[in-house]
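Data block below; observations after.
A short reminder: the numbers here are calculations on the coordinates, not readings from a lab. Worth saying up front: this structure is predicted, and the values here are computed from it rather than measured. Cβ: placed from backbone, ideal geometry, glycine included. Neighbour counts: every protein chain shown.
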Amino acid sequence: MIEMLRIKNLALIDDLELEFGPGLNVLTGETGAGKSFIISAVNFLTGEKMHTDLVRTGCEKAVVEALFVLDGQDLILRRELTADTGRSRIYVGDALASRETLAALRPRLLLHVSQHGQGRLLQPAFQAALLDGFLPDPALLAEKNRLAKELADIAAAIRALDAKAAGLEEKRQFLEFQHAEIAKVNPTPGEEDELIGRRAALNESRKAAESLDRSLECLERQPKVLDTLADLHRELLHAGAIFPDFLADAEAVASFRHQLKDLSVRLRRKPAQATGDDGEGIEKRLFELATLRRKLKKTLAEIVDLGRDIKENLDFLDDCGLRRKQLAREEAAGVAALAESLARLGAARRIAAASLSAALEAILRGLGFSEDVRVIFEFVATTAYTPVACDLTPLVEEKARILWRPNPGQPPQPLDKIASGGELSRFLLALMSLSAEPGGPTLIFDEIDAGIGGLTLASVGSYVKKLSETAQILLISHWPQLASLADRHFQVVKTVEDGQTSTRCLRLAGDAIAAELARMAGGGEAGTEMARRLLVAGD
């Protein structure tokens with residue numbers, strides 16, 4: 001049940017607060033006063049989209065909030081719509097929430113029936129879903145949907161397998177050629193960079209070896225450095241006998257000569273190749289890799305990835321036959337399971353159809369239809385699943401559509417063939433009443449009384465009033481006969497203040513109710529008299 005509704009900055013509504021009560025809450029007012037904005041606000045609050053054009057001119061955002069009673073507990077919902085971005089924020093209690101959360105809550109909060117609902121009622125898919133809502137065991141439908149989803153996934157996998165196999169089979173010869181070329185060279189990730197690094201190291205090693213050779217040549221060319229230093233040492237010793245200052249120089253020359261002798265020995269023992277690498281082998285491998293790159297017009301990294309992908313694709317082609325047989329077996333098992341589920345569901349639908357038909361006929365008689373009114377659910381065979389891989393016949397599902405006979409002497413026909421707007425309104429009312437239960441969702445009837453009048457209107461009013469004893473109802477109506485039945489009567493009016501048009505909603509009492517009923521009845525003395533009679537009849 002919705003206890004309080006507040007709307008700010010929505011369309012013509014500046015700041016509006018309504019307190020609804022149990023039973024029948026009626027909203028009336030002139031056409032264009034803004035009654036539809038109130039219902040739009042409730043729908044927006046419970047998950048429907050709203051265009052930013054409905055944010056009141058000059059305002060940053062529209063806000064709708066309400067206090068519901070759900071399962072004996074207070075539930076506060078709040079939703080904001082920002083004019084600039086069109087983004088909305090949803091709060092359940094004090095916490096941010098998603099539209100999915102509202103979508104899950106909505107069936108427990110509201111059931112909305114409008115004139116637009118007549119169009120949905122004429123749709124075969126809606127009629128089929130309508131019957132499924134009254135199945136004795138809803139788990140049957142859930143099981144069928146689960147099995148159908150699993151089969152759809154298997155079928156999608158088979159089609160994807162076939163499509164991929166067909167595409168690869170056309171390219172098999174080219175793939176095998178590329179695979180052979182790559183396998184012949186068999187490159188590895190990062191191999192070319194590693195070889196280039198080793199080649200550079202080898203070149204540096206060769207340059208160092210050449211420097212060592214030239215160093216040895218410097219020591220051994222004529223005149224030899226070591227012999228020259230020996231002569232120098234000897235002459236300095238002789239000179240030192242007379243000039244002692246040169247003896248230290250003689251020792252330095254002798255020490256340097258010994259160092260050069262050690263260096264000469266080490267130069268003769270140098271390694272033939274500093275890195276131990278095979279330069280010719282490196283160049284040959286780099287040439288092979290370069291040739292492969294030119295041939296395939298890809299980098300080495302791309303070639304390595306290509307080789308892996310080609311192998312996977314060729315392996316896929318080799319294995320896809322086995323995979324398809326496996327999927328065919330899974331499909332066959334799924335078809336058998338779905339066939340059993342459809343049989344159980346079909347039987348349950350026929351039981352539900354008999355029960356729902358009887359219930360609807362009883363309510364429709366109370367809404368002014370003939371005692372001979374009949375509601376019939378006709379079952380139409382539709383293809384539920386066509387096997388893709390396994391050799392089985394397509395599965396058939398029987399879906400219901402509504403036929404009816406409002407008057408005796410007529411054959412049953414679809415609703416869209418013979419139902420008038422007023423008849424569809426009463427049919428919708430009958431359907432919604434079957435969903436009403438104490439503590440259940442609030443029923444919103446948005447001008448479903450359009451197209452009816454006279455005794456039929458009285459029957460509808462009586463039924464709506466009786467229904468309000470079980471469920472809270474919000475009713476928008478232009479008929480004083482229905483408005484006079486309200487437990488709470490709200491008048492929606494449009495006012496202009498300081499050049500600004502605003503929608504107001506007033507809860508009426510006493511003489512204000514009588515005045516509004518008189519207006520709805522056409523005004524004047526006749527309207528006043530009709531309002532008086534309606535109020536007396538209501539009392």
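The charge dipole of segment 385-524, taken about the Cα centre with unit charges on the Cβ atoms of Lys, Arg (+1) and Asp, Glu (-1), comes to about 320 debye, rounded to the nearest 20. Rounded to the nearest 20, the Cβ-based charge dipole of the chain about its Cα centre (Lys and Arg +1, Asp and Glu -1) stands at 860 debye. Across the cross-link table entries K164/K295; K35/K494; K164/K297, which are compared at the Cα atoms, the separations over 22 Å belong to K164/K295; K164/K297.
For segment 1-79, the alpha carbon positions stretch 39, 27, 20 Å along the principal axes, listed from largest to smallest. Taking all Cα pairs closer than 8 Å and separated by 6 or more residues, the relative contact order of the chain comes to 22 percent. For segment 188-235, place one equal point scatterer on every Cα, skip the solvent, and apply the Debye formula. What is log10 of I(q)/I(0) at q = 0.14 Å⁻¹? Scattering profile of segment 188-235, log10 relative to I(0): -0.55. For the chain, the longest principal axis of the alpha carbon atoms and the long axis of helix 454-467 meet at an angle near 60°.
Step through the table entries K399/K466; K224/K261; K224/K270; K149/K171, compare each Cα-Cα distance with 23 Å, and write down the pairs that go over it. Too far apart for the 23 Å limit: K399/K466; K149/K171. Our analysis of segment 154-328 gives Rg over Rh at 1.50, with the two radii drawn from alpha carbon positions and Rh computed by the Kirkwood formula. Among the GluC sites (Glu not before Pro) in segment 357-435, those placed in a DSSP loop whose Cβ has at most 15 other Cβ atoms within 10 Å are E371.
Across segment 126-189, the convex hull enclosing all Cα atoms gives 143 Å³ per residue. FRET efficiency for A339 and E176, Cβ-Cβ distance as r, R0 = 41 Å, nearest 0.05? For A339 and E176, the calculated efficiency is 0.40. Here the simple spin-label model places points 7 Å from the Cα toward Cβ, and for K284 and T501 these points are separated by 9.3 nm.
Each part reduced to its alpha carbon centroid, segment 20-83 and segment 423-500 end up 18 Å apart.
Shown is the FRET efficiency for E469 and A526, computed with R0 = 30 Å from the Cβ-Cβ distance and rounded to the nearest 0.05: 0.40.
Per-residue ellipticity at 222 nm from helix content only, as computed over the chain with -39500 (n - 2.57) for each DSSP H run of at least four residues, stands at -19000 deg cm²/dmol.
Mean sequence separation of contacting Cα pairs (under 8 Å, at least six apart), scaled by the length of segment 154-328, corresponds to a relative contact order of 43 percent. Every Cα-Cα pair in the chain was counted, and those over 43 Å apart are 54% of them. Across the alpha-carbon atoms of segment 296-434, the computed radius of gyration and Dmax are 27.4, 86 angstrom.
For segment 154-328, build the charge dipole from Cβ charges (+1 Lys, Arg; -1 Asp, Glu) around the Cα centre, then report which of A208, A160, A241 sits farthest towards its positive end. The Cα lying farthest towards the positive end belongs to A160.
Relative to the dominant Cα principal axis of the chain, helix 191-220 is inclined by about 20°. Working from label points 7 Å from Cα in the Cα-to-Cβ sense, the A509 to T383 distance is 6.6 nm. The angle separating the long axis of helix 247-268 from the principal Cα axis of greatest extent in the chain is about 60 degrees.
Applying 1/(1 + (r/R0)^6) with R0 = 30 Å to the Cβ-Cβ distance of E217 and A254 gives a FRET efficiency near 0.80.
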